[in-house]
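Data block below; observations after.
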Amino acid sequence: MEIKRLKVSPGKCSGCRLCLQICAISHHHETNPKKARLKIEARFPQPGKYKPRVCVQCGKCMEVCPEGAISRRDDGAYIVLTEQCTNCGECIPVCKPDVIFQHRDIGHVLICDNCFKCVELCNTGALTMQTRLVKETK
Amino acid sequence: MANGSTSSRGLAGTTLRIDLTTGEIKRSPTDEKLMREWFGGRGAIAKILYDEVPRDADPLGPENLFIICPGVMSGCFIPAGSKVEFGSVSPLTNGHGDSNMGGHLGPALKFAGYDMVILSGISPRPVYLFIDDDRVELRDASQYWGMGSLECEPVMKQDLGEDFEIATIGPAGENGVRFSCITHDFGRQAGRTGQGAVMGSKKLKAIAIRGSRGIVVHDLEKLTEHVTAIMKRTQTHPNMAPWQKYGTAFFIEWSNTNAVIPTRNFQTTYYENIEGISGEALVEKCLISHKACFGCWMNCGKYTKAVLPGKQTVYLEGPEYETGALCGSNLGMTDINQVAYLNWLMDNAGMDTMSGGGVVAFAMECFQRGLITADDLEGHTLNWGSVEDAEHFIDMVVHRRGTGDYFAGGTKRAAEKIGRGSEKFAMQVKGQEMSGYDGRYAPGMLLSYMTCDIGAHHNRSWTITVDMAEGRDTIEGRAKVVIYLQHIRSLFDIWCICRLFWGELDVEPEEIVEALKYITGWDVDTAEALVTSEKIWNLVRCHYLERNRANGRTFDYPPARSWEEKIPTGPSAGKGLTKDQIEAMLDEYYAGRGWDKNGNPSRAVLHDLNLDFAADNIEKIGLLGKPLSNGIPAVRGERYKPKAF
């Protein structure tokens, strides 16, 4: 199957957080980086670089979800079924890039759904969309 | 009371008033009328300082206020909506002072639910302001007191959490050095007017903010569509690539080619070693990564390291243009690593690199002329191009040891102590040091320094390209451009967004006002915005007159070097201004503003701007401008869009 995912080019991110803004606006209709589904790790004063952390579509969250509240879409994205998610947070520690979020206003976890709005606004090329073919898994 | 209780869009809803003497913290709904009339940021700060700080209050005393205000647009989805404005009566100029910085602090304050923090009094012990959404506390800062600004930030992040935004002062601010700055995000500074010294006087070491709320705007869909279109359009602007690569350091060579770069304390305008300190050198030798403020797609920040033999390797943001000029050619430095090291030194000490560069340059010229000697410098020399000498001198200033104490008040106060004609080359206006352009063959730029409301500063009116375009040998008409720029450029300090996407990427003011409408729902247009900016400018002028009690004209002169000395070397050799030309520019400027020949605002213009209360106040002290024979100018400041390249 052909899946899409975010690709990070190390060293290109300038830490502007436009990706966080547009992510929250797209999904929650407000400017609030704390409701974004990716994050920027600022590594200062040394080495002095930003590292975007994004969903790598590994599927670990779906594997551990006790409620079956995460499903996989055809394009590879793991989608939170918001009605079923109890916000228990068991998926959070298994997420290697640490990009599953909770916010006190929202009753479910927040996971990237591959909308790629962040890519549209990234002006440094730090975030791009990657398409690749993978074997079907059951 | 819960935060967010205002109905206005774009605002967070709550204002904090904190008495540092008693530790009392009060919350109140943000004054929507104030924000609408004065647009927040620099505007709201100007009105509150004017209304509340007694005219005889010591800027470093308990009656001065220290105000933090990110304005109505900061934190919203708007190009570079990153700024936060700080304001207080300036210990450097003894007038209204404000200074802003980018980074992420202003948006964080809004996301925590606050539009403004007004601090008064003096804390009995060092504290820092801790804000984590509804939790607002003054916390003991004794463990941080004495730390360098750049050293303190990572320690506080480690203590509180990486997602706190931190602003700190350094030892300079703690010790009352009058040109101390506030530092944030490992290298963003609110540098001008000594806001760091005010924080230090209040024993406020730092501000730490984390916010998790969103900002509700009037029409998010239209705002998003509008701003996204601006961003996509400007991604291919020809200025984008050089701006992203070099940032403001691009202008170092440009300024030298055009012979305006201050060299050895503004003795000349052309620097023979420019290649060593250029933007190209910065990128080649020091650059680690490109760094942006919140919501900015231009990433003009350059995160760097400086490596010098015998010195620790240091990490910093910069040097940007102003630091590159004022701590580079102006100190006779020949290598970008030297400039970067001095940049770090001043950042960590918590002093403005612009005034700091000006002060060190002034001291170096005093040494060159024998006005200060090794006896005044604890046995050290102070030679052009010597990092060692500069480092020792800066340490004397930061800790106010011996002669260093003279210079801790800035060049004007130092010249008063040193005397012997040194005031002629103390490159300041109203006590604040000049920016990194020599105005002797750029008359609009000199007039900008002379008339800037916070003391010499380029940012309120950057006319250097206008001087090039309109002819550097003429002065006629320059005042109108300066007035226009003072109004439009100040708008960005009022709205707390960066001006560079306007100045460099041709985003029109009307487009920004359209975004403002989508954010706030206000019925506002560009004309009203410009009038509001003019109103703030006049209020700040009245404030200055009321505190300093003499005709405004007496404060608007540059140092005598500006007319007594022609430029000695380089492409502009032999060029310069006469005193008569400087007087003529002032006359034209005052006439253009509707002020009288003494530089005092007339009642007619103050009335036109709804500032009758200020007219009454300056009339009481005999400083109301005389009535104007031809009435007030209908349009004060002609429309002029300068080109940056």
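The values are calculated or read from the model by the stated rules, or taken from the named source; none is laboratory data. Keep in mind it's a predicted model, so treat the numbers as computed, not measured. Quick reminder, even Gly has a Cβ in these numbers, built from the backbone with ideal geometry, and neighbours come from all protein chains shown.
Looking only at the stretch A:22-62, count how many residues are touching a residue at least 60 places away in the same chain (Cβ under 8 Å), more than 8 Å from chain B (Cβ to nearest Cβ) and of a type outside the set (Lys, Arg). Of the residues in that region, 7 qualify. Among the residues in the stretch B:113-127, are any crowded, with 20+ Cβ neighbours inside 10 Å, modelled with pLDDT of 95 or more and within 14 Å of chain A (Cβ to nearest Cβ)? Checked the stretch B:113-127: at least one residue is crowded, with 20+ Cβ neighbours inside 10 Å, modelled with pLDDT of 95 or more and within 14 Å of chain A (Cβ to nearest Cβ).
Scanning the stretch B:182-233 for residues that are in contact with a Phe, Trp or Tyr (Cβ under 9 Å, 6 or more places away or on another chain) and β-branched (Val, Ile, Thr) gives B:ILE182, B:THR193, B:VAL198, B:ILE207, B:ILE209, B:ILE215, B:VAL217, B:THR224, B:VAL227, B:THR228, B:ILE230. Criterion first (more than 20 Å from the chain's Cα centre (by Cα), at pLDDT 95 or above and within 30 Å of B:VAL227 (Cβ to Cβ)) does B:LEU282 satisfy it? No: the conditions fail for B:LEU282. Contact annotation: residue pairs with Cβ atoms under 7 Å, 6 or more positions apart or on different chains, pairing a residue in the stretch B:608-625 that is closer than 15 Å to B:ARG55 by Cα with a partner that is surrounded by fewer than 20 Cβ atoms within 10 Å (Cβ to Cβ), are B:ASN617/B:GLU546; B:ILE618/B:GLU546; B:ILE621/B:GLU546; B:ILE621/B:ARG549; B:LEU623/B:ASN551. Looking only at the stretch B:213-230, residues that are charged (D, E, K, R) and touching a residue at least 40 places away in the same chain (Cβ under 8 Å) come to 3 in all. Scan the stretch B:219-233 and give yes if some residue there is surrounded by fewer than 20 Cβ atoms within 10 Å (Cβ to Cβ), more than 12 Å from chain A (Cβ to nearest Cβ) and polar (S, T, N, Q), otherwise no. The answer is no; no qualifying residue exists. Residue count for the stretch B:158-171 under the criterion of being out of contact with any Leu (no Cβ under 9 Å at 6 or more places or on another chain), in a loop (DSSP other than H, G, I, E, B) and buried (at least 18 other Cβ atoms within 10 Å of the Cβ): the result is 1. Of all residues in the stretch B:330-359, count the ones that are surrounded by fewer than 24 Cβ atoms within 10 Å (Cβ to Cβ) and of a type in the set (Val, Ile, Thr). Going through the stretch B:330-359 one residue at a time, the tally reaches 1.
Of all the criteria given as (1) within 26 Å of the chain's Cα centre (by Cα); (2) within 20 Å of A:CYS118 (Cα to Cα); (3) away from chain A (no Cβ under 12 Å), the one not satisfied by B:PHE266 is (2). B:PHE130 falls short on exactly one of the conditions (1) touching a helix residue (DSSP H, G or I) at 6+ places or on another chain (Cβ under 9 Å); (2) within 14 Å of chain A (Cβ to nearest Cβ); (3) surrounded by fewer than 20 Cβ atoms within 10 Å (Cβ to Cβ), and that condition is (2).
Considering only residues in the stretch B:172-204 that are out of contact with any Cys (no Cβ under 9 Å at 6 or more places or on another chain) and assigned to a strand (DSSP E or B), the one that is farthest from B:LYS110 (Cα to Cα) turns out to be B:SER180.
The rows are residues; the columns are (1) crowded, with 20+ Cβ neighbours inside 10 Å; (2) not charged (D, E, K, R).
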{"position": "B:GLU564", "(1), (2)": "no, no"}
{"position": "B:THR569", "(1), (2)": "no, yes"}
{"position": "B:LYS579", "(1), (2)": "no, no"}
{"position": "B:MET585", "(1), (2)": "yes, yes"}
{"position": "B:GLU588", "(1), (2)": "no, no"}
{"position": "B:VAL605", "(1), (2)": "yes, yes"}
{"position": "B:LEU609", "(1), (2)": "yes, yes"}
{"position": "B:GLU619", "(1), (2)": "no, no"}
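Selection of the stretch A:1-35 for residues being within 21 Å of B:LEU11 (Cα to Cα) and in a loop (DSSP other than H, G, I, E, B) yields A:ARG17, A:HIS29, A:GLU30, A:ASN32. Residues considered: B:GLY409, B:GLY455. Of these, the only one that is over 23 Å from B:GLU320 (Cα atoms) and either surrounded by 24 or more Cβ atoms within 10 Å (Cβ to Cβ) or modelled with pLDDT of 95 or more (or both) is B:GLY409. Restricting the stretch A:74-103 to residues that are hydrophobic (A, V, I, L, M, F, W, C) and out of contact with any Cys (no Cβ under 9 Å at 6 or more places or on another chain), which is surrounded by the fewest Cβ atoms within 10 Å (Cβ to Cβ)? Top of the filtered list is A:LEU81.
Among the residues of the stretch A:119-134 satisfying the criterion of being in a strand (DSSP E or B) and touching a helix residue (DSSP H, G or I) at 6+ places or on another chain (Cβ under 8 Å), which is nearest to the other protein chains (Cβ to nearest Cβ)?
So in the stretch A:119-134, the residues in a strand (DSSP E or B) come out as A:127-133.
Then keep just the ones that are touching a helix residue (DSSP H, G or I) at 6+ places or on another chain (Cβ under 8 Å); that gives A:127-129.
Details: A:LEU127: 12, A:THR128: 14, A:MET129: 16 Å.
That would be A:LEU127.
Among B:ILE394, B:ILE418, which is the only one that is in the same structural domain as B:LEU326 (by TED's automatic domain parsing) and either more than 22 Å from B:ARG549 (Cα to Cα) or in contact with a Cys (Cβ under 9 Å, 6 or more places away or on another chain) (or both)? Even if it seems obvious, please write down each step before you answer.
Numbers: B:ILE418 fails: in the same structural domain as B:LEU326 (by TED's automatic domain parsing).
Result: B:ILE394 is the single residue among B:ILE394, B:ILE418 that is in the same structural domain as B:LEU326 (by TED's automatic domain parsing) and either more than 22 Å from B:ARG549 (Cα to Cα) or in contact with a Cys (Cβ under 9 Å, 6 or more places away or on another chain) (or both).
Residue under question is B:VAL155, and the condition is that it be within 14 Å of another protein chain (Cβ to nearest Cβ), part of a helix (DSSP H, G or I), modelled with pLDDT of 95 or more and farther than 23 Å from B:ARG213 by Cα; does it hold?
Details: within 14 Å of another protein chain (Cβ to nearest Cβ): yes; part of a helix (DSSP H, G or I): yes; modelled with pLDDT of 95 or more: yes; farther than 23 Å from B:ARG213 by Cα: yes.
Here the answer is yes, as B:VAL155 does meet what is asked.
Any residue in the stretch A:104-115 that is within 14 Å of chain B (Cβ to nearest Cβ) and crowded, with 19+ Cβ neighbours inside 10 Å? The answer is yes, given that some residue of the stretch A:104-115 is within 14 Å of chain B (Cβ to nearest Cβ) and crowded, with 19+ Cβ neighbours inside 10 Å.
Given the residues B:PRO54, B:PRO107, which is the only one that is surrounded by fewer than 24 Cβ atoms within 10 Å (Cβ to Cβ) and modelled with pLDDT of 95 or more? Walk me through how you get there before you give the answer.
On the way: B:PRO107 fails: surrounded by fewer than 24 Cβ atoms within 10 Å (Cβ to Cβ).
Unique residue meeting the criteria: B:PRO54.
Residue pairs whose Cβ atoms lie under 9 Å apart, sitting 6 or more positions apart in sequence or on different chains, and linking a residue in the stretch B:32-45 that is free of Cβ contacts under 8 Å to residues at least 24 places away in the same chain to a partner that is in a helix (DSSP H, G or I) and buried (at least 24 other Cβ atoms within 10 Å of the Cβ), are B:LEU34/B:GLY43; B:LEU34/B:ALA44.
Listed here are the residues, each with its yes/no results for (1) farther than 18 Å from B:PRO558 by Cβ; (2) at pLDDT below 95.
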position	(1), (2)
B:ALA591	yes, yes
B:ASP596	yes, no
B:GLY599	no, no
B:GLY622	yes, no
B:PRO627	yes, yes
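Checking each residue in the stretch B:205-248 for being touching a Lys or Arg at 6+ places or on another chain (Cβ under 7 Å) and outside any loop (DSSP other than H, G, I, E, B) picks out B:ILE215, B:GLY247.
Inside the stretch B:422-480, can you point out the residues that are aromatic (Phe, Trp, Tyr) and touching a Cys at 6+ places or on another chain (Cβ under 9 Å)? Break it down into steps so the answer makes sense when it comes.
The initial filter retains those residues of the stretch B:422-480 that are aromatic (Phe, Trp, Tyr), namely B:425, B:437, B:441, B:449, B:462.
If the condition is that a residue be aromatic (Phe, Trp, Tyr) and touching a Cys at 6+ places or on another chain (Cβ under 9 Å), then B:PHE425 is the only one that fits.
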